[in-house]
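Engineer: The following block contains the structure, expressed as structure tokens.
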Amino acid sequence: MPHAVPILPDDQLAPLLTRYDAAVRERQRHTLIGVAVVVACIFLSGWMGEVRPLVFLEHMDRLPNYFWTILPTLHWATLWSDLSEWYWNLDHWLKLLVDTILIAYLGTLLGGIGAFFLSFLASANLVANPFIRVTARRFLEFCRTVPELVFALLFVVAFGLGPLPGVLALAIHTMGALGKLFAEVVENIDMKPVEGATSSGASWSEAVRFAVVPQVSSNFASYGLLRFEINVREASIMGFVGAGGIGQDLIEAIRKFYYSDVSAILLLIIGTVMIIDLLTEQVRHRLLGLEGSR
Amino acid sequence: MSRARFDLGDADRARLAAAFPQAMQPSSAGRVRAVAALVAAAALAVYAFWRLGFSLDRLGSGVAQLAHFVTLMFPPDPGTQLPLYMHALGETLAIAFLGTLGGALLALPFGFLAAKNVIPNIFAHFGVRRFLDAVRGVDRLIWALIYVTVVGLGPFAGILAIATASFGELGKLFSEAVEALDRKPVEGVVSTGGSGLEGVRFGMLPQVLPVLASQLLYYFESNSRQSTIVGIVGAGGLGLHLAEQIRVLEWQKVSFLILMMLVMVGVIDFISSRLRFAIIGKARITT
């Protein structure tokens, strides 16, 4: 069936068209202003950031060259001895790698425990008192805004060198980041079990334990695992400021131009991060599957 | 009106237990598994505490020292270095802005290459994805160190480091956004007489642009935090001064620098969340 497209008479069409054109022009003007602002920002920050494109282009070859030099020389005939020369310090590095993973683990665990308790206090649907809620939220915000490396720098001075300040720095940052995510999960729960528990005489903590925690635990665990992944990466650089882990050896290798050590340690870190990513992804899918089937 | 309370007798309990067996007795297998997982986690934690050399008196003396430092931090005071710190703040902002933008520009073509619906060849997009994974596996501070040895000290190394790290992360996110594209608007544009290019412009771009823009802003926020620390390895910005002042124990300057960081991040968060709402509407964003 052919559709008739109604065409308005000109005297009705004209004002509509002018208004349409005006609206389009208005949008174009906004886009233009946006583009101009962005371009201005680019030049301003290029000037502030001492960007020298010509110098960069001139020395462009240094970057691939750097990666070329850090690669070890491997010959097929002497592959085994070349490999063992490349990874000459493997025992020590593996020990540091285990340290790194344990730093990430403890940081995630301690931070997760802190976030667990604070998230209930920061949730609008569980805590009616705005003072407690706002205080908890601001505290979490502070913990996640200050970068973990800044905490690590401070803690290294206070606690001395070693993994201890690294763990504490990671734990505080993790508490802030996870606390926010946890609080969002708690605010999205079904309130009926809470009402049921409260109406049958449960105290606040009992209501949280028996009505809230069962609803949120699998989501919490999934977020915690995601954070663990991030923390392994962060723990690998804690050594840059003397807070334990494999970063100490990496920064030394880079600073002192031990080229093949750089690639050896980098490959170890990348491999570990990838394996942990894959493992946690598996566990997370199972956890989320649990959530879906319930 | 007084409410009647029923006291359940033993017979009632038994009847209920028979009628709802799952509800009345907790599944022992699940409980055993949960307890086993908790015990394993706790055991690993104890091992980690032991291996990493935690001790209560070290913790105690450290906390006491930290409390002492915190009392020395008030009031925050830049001394005579305010102009220097403002310049560092500008550098930090420049690093965050150009790093995010540069990373995004690089990530755009790679996002398309890593998308299954653009490159059906499994080896190609698998290769691109693993490449992005490898770039992401290296932390931005490591990139900063590498770039410092390549282009020298200064904020430019920081820009390159932030750009490289953002490239790895944004490339993955862009490819996911492209894979989630709906083909129907493009087909609609083409079926009403639009050319292929117009299909991309009016069918595809309006779908991906808001997603990309909001991710870009989110990364700008997160990079503004990260760019404060690349200075620790000499790549410009506030981090350089912060690390230095912590080393020489100038606590009032340290607290002033941290305060500057907090204010900067707060302002950027505020602006970018306003921009994000303007771009994608008032919808709640889950990031």
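Engineer: Using the Cα centre of the stretch A:146-209 as origin and beta-carbon charges of +1 (Lys, Arg) and -1 (Asp, Glu), tell me which of A:Ser200, A:Gly176, A:Leu164 is placed farthest towards the positive end of the dipole.
Structural biologist: A:Leu164
Engineer: Would you mind working out the magnitude of the charge dipole of the protein assembly as shown relative to its Cα centre, with +1 at each Lys and Arg C-beta and -1 at each Asp and Glu C-beta, to the nearest 20 Debye? Write down the numbers at each step before the final one.
Structural biologist: Numbers: 45 positive and 44 negative charges, 224 e Å.
Rounded to the nearest 20 debye, it is 1080 debye.
Engineer: Provide the packing ranking of A:262-271, A:141-150, B:162-171, i.e. peptides ordered by the mean count of other C-beta atoms within 10 Å per residue, highest first. Walk me through the numbers on the way to the answer.
Structural biologist: On the way: A:262-271: 20.4, A:141-150: 22.1, B:162-171: 25.2.
So the order, starting with the most tightly packed, is B:162-171, A:141-150, A:262-271.
Engineer: Okay, next question. If I take all pairs of Cα atoms in the stretch B:144-287, what percentage of them are more than 19 Å from each other? Spell out each step's value before the answer.
Structural biologist: Details: 6672 of 10296 pairs.
So the portion of pairs separated by more than 19 Å is 65 percent.
Engineer: Taking chain B as a Gaussian network, where each spring joins two C-alpha atoms under 10 Å apart, which residue of B:Ser28, B:Ser272, B:Ser191 fluctuates the most?
Structural biologist: Maximum among the listed residues: B:Ser28.
Engineer: State, as an integer percentage, the relative contact order of the stretch A:111-217 based on alpha-carbon contacts under 8 Å between residues 6 or more apart.
Structural biologist: Values: 117 pairs, mean separation 35.1, N = 107.
Relative CO of the stretch A:111-217 lands at 33 percent.
Engineer: Using R₀ = 51 Å, calculate the FRET efficiency as 1/(1 + (r/R₀)^6) where r is the Cβ-Cβ separation of A:Asn89 and B:Ala213; round to 0.05. Please list the in-between numbers first.
Structural biologist: On the way: r = 46 Å, r/R0 = 0.91.
After rounding, the FRET efficiency stands at 0.65.
Engineer: Arrange A:Tyr20, B:Tyr147, A:Tyr87 by Cβ neighbour counts within 10 Å, fewest through most, would you? Could you put the intermediate results ahead of the total?
Structural biologist: Details: A:Tyr20 10, B:Tyr147 28, A:Tyr87 18.
Result, fewest neighbours first: A:Tyr20, A:Tyr87, B:Tyr147.
Engineer: Also, quick follow-up: Past the 13 angstrom mark, what percentage of all C-alpha to C-alpha distances in the stretch A:161-211 do you count?
Structural biologist: 67 percent
Engineer: From the C-alpha coordinates alone, can you work out the Kirkwood hydrodynamic radius of the stretch A:2-143, in Å? Let's see the in-between values first.
Structural biologist: Details: mean 1/r = 0.0405 Å⁻¹.
It works out to 24.7 Å.
Engineer: Also: When chain A is modelled as a GNM with alpha-carbon springs shorter than 10 Å, which of A:Ser260, A:Ser222, A:Ser84 fluctuates the most?
Structural biologist: Maximum fluctuation in the GNM of chain A, among the listed residues, is at A:Ser84.
Engineer: Right, another one. Between A:Tyr66 and A:Phe131, 0.36 nm times their residue separation minus their Cα-Cα distance comes to what? Working shown, then result.
Structural biologist: Details: separation 65, 0.36 × 65 = 23.40 nm, distance 5.47 nm.
Length gained between A:Tyr66 and A:Phe131: 17.9 nm.
Engineer: A follow-up question, please. Mind giving me the nanometre distance, one decimal, between the label points for A:Ala202 and B:Leu59, set 7 Å out from Cα along Cα→Cβ?
Structural biologist: 3.1 nm
Engineer: Next question, about the same structure. How long are the three semi-axes of the equivalent ellipsoid for the stretch B:185-261, computed from the Cα gyration tensor as the root of 5 times each eigenvalue, in whole Å, largest first?
Structural biologist: Numbers: eigenvalues 502, 21, 7 Å².
Semi-axes, largest first: 50, 10, 6 Å.
Engineer: At 222 nm, what value in deg cm²/dmol follows for chain B if DSSP H runs of at least 4 each add -39500 (n - 2.57) and the sum is divided by all its residues, to the nearest 500?
Structural biologist: Working: 13 runs with 214 residues, N = 287.
Computed mean residue ellipticity for chain B: -25000 deg cm²/dmol.
Engineer: Let me ask something else about it. Just to be sure I follow: if Rg is taken over the C-alpha atoms of chain B and Rh is the Kirkwood radius over the same atoms, what is Rg/Rh? Write out the running numbers ahead of the final one.
Structural biologist: Details: Rg = 27.8 Å, Rh = 24.1 Å.
That ratio is 1.15, to two decimals.
Engineer: Specify which residue in the list B:Gly111, B:Leu89, B:Thr192 is farthest towards the positive end of the charge dipole of chain B, using unit charges on the beta carbon of Lys, Arg (+1) and Asp, Glu (-1), about the Cα centre.
Structural biologist: Sorting the options by dipole projection puts first B:Thr192.
Engineer: Eight or more residues apart or on different chains, and alpha-carbon atoms under 29 Å: count the Lys pairs in chain B matching that.
Structural biologist: Pairs that pass both the separation and distance tests number 5.
Engineer: A further question follows. Write down the Å³ per residue value for the convex hull defined by the alpha carbon atoms of the stretch B:45-169.
Structural biologist: Numbers: hull volume 24.6 nm³, N = 125.
Output value, Cα hull per residue: 197 Å³.
Engineer: What ranking do A:Leu71, A:Leu121, B:Leu145 get, fewest neighbouring Cβ atoms within 10 angstrom at the top?
Structural biologist: On the way: A:Leu71 12, A:Leu121 19, B:Leu145 27.
In order of increasing Cβ crowding within 10 Å: A:Leu71, A:Leu121, B:Leu145.
Engineer: Right, something else. Taking the convex hull of the alpha carbon atoms in the stretch A:158-275, what volume per residue do you get, in Å³?
Structural biologist: Numbers: hull volume 13.1 nm³, N = 118.
Each residue corresponds to 111 Å³ of Cα convex hull volume.
Engineer: For the stretch B:151-210, report the convex hull volume of the alpha-carbon atoms normalised per residue, in Å³, without decimals. Spell out each step's value before the answer.
Structural biologist: On the way: hull volume 5.6 nm³, N = 60.
Hull volume normalised by residue count: 93 Å³.
Engineer: Further question: Where is the GNM fluctuation largest for chain A (alpha-carbon springs, 10 angstrom cutoff): A:Gly224, A:Gly176, A:Gly49?
Structural biologist: Maximum fluctuation in the GNM of chain A, among the listed residues, is at A:Gly49.
Engineer: Specify which residue in the list A:Gly224, A:Ser236, A:Ala253 is farthest towards the positive end of the charge dipole of the stretch A:208-263, using unit charges on the beta carbon of Lys, Arg (+1) and Asp, Glu (-1), about the Cα centre.
Structural biologist: Among A:Gly224, A:Ser236, A:Ala253, the one farthest towards the positive end of the dipole of the stretch A:208-263 is A:Gly224.
Engineer: First check a/c for chain A, with a ≥ b ≥ c the square roots of the eigenvalues of its C-alpha gyration tensor; if it is under 1.5, answer rounded, and if not, answer prolate when a/b is larger than b/c or oblate otherwise.
Structural biologist: On the way: a/c = 2.06, a/b = 1.18, b/c = 1.76.
Oblate shape, in that a/c is at least 1.5 and b/c is the bigger or equal ratio.
Engineer: Using the number of other C-beta atoms within 10 angstrom as an exposure proxy, rank A:Met48, A:Met175 with the fewest first.
Structural biologist: On the way: A:Met48 21, A:Met175 26.
Going from sparsest to densest Cβ surroundings: A:Met48, A:Met175.
Engineer: Then there is this: Taking the Cα centre of the stretch A:165-294 as origin, sum charge times position over the Cβ atoms of Lys and Arg (+1) and Asp and Glu (-1), and report the length of that vector in debye to the nearest 20. Don't jump to the answer; show the numbers that get you there.
Structural biologist: Values: 10 positive and 13 negative charges, 12 e Å.
Using Cβ point charges on Lys, Arg, Asp and Glu, the stretch A:165-294 gives about 60 debye.
Engineer: Quick check on chain A: helices-only [θ] at 222 nm, where DSSP H runs of length 4 and up contribute -39,500 (n - 2.57) each and the sum goes over total residues. Nearest 500, please.
Structural biologist: Working: 13 runs with 229 residues, N = 294.
It lands at -26500 deg cm²/dmol.
Engineer: A further question follows. Taking all pairs of different Cα atoms in the protein assembly as shown, averaging 1/r and flipping that mean, what Kirkwood radius in angstroms comes out?
Structural biologist: This gives a value of 27.3 Å.
Engineer: Right, another one. Nearest 20 debye, what's the magnitude of the dipole of the stretch B:134-287 about its Cα centre given +1 on Lys and Arg Cβ and -1 on Asp and Glu Cβ? Each step should come with its number before you reach the end.
Structural biologist: Values: 13 positive and 11 negative charges, 47 e Å.
Dipole about the Cα centre, nearest 20: 220 debye.
Taken together, the values in this text are just the output of simple stated rules run on the coordinates, not laboratory data. In this text, all values refer to a predicted model and were calculated from it rather than measured experimentally. Neighbour counts run over all protein chains shown; Cβ positions are idealised from the backbone, glycine included.
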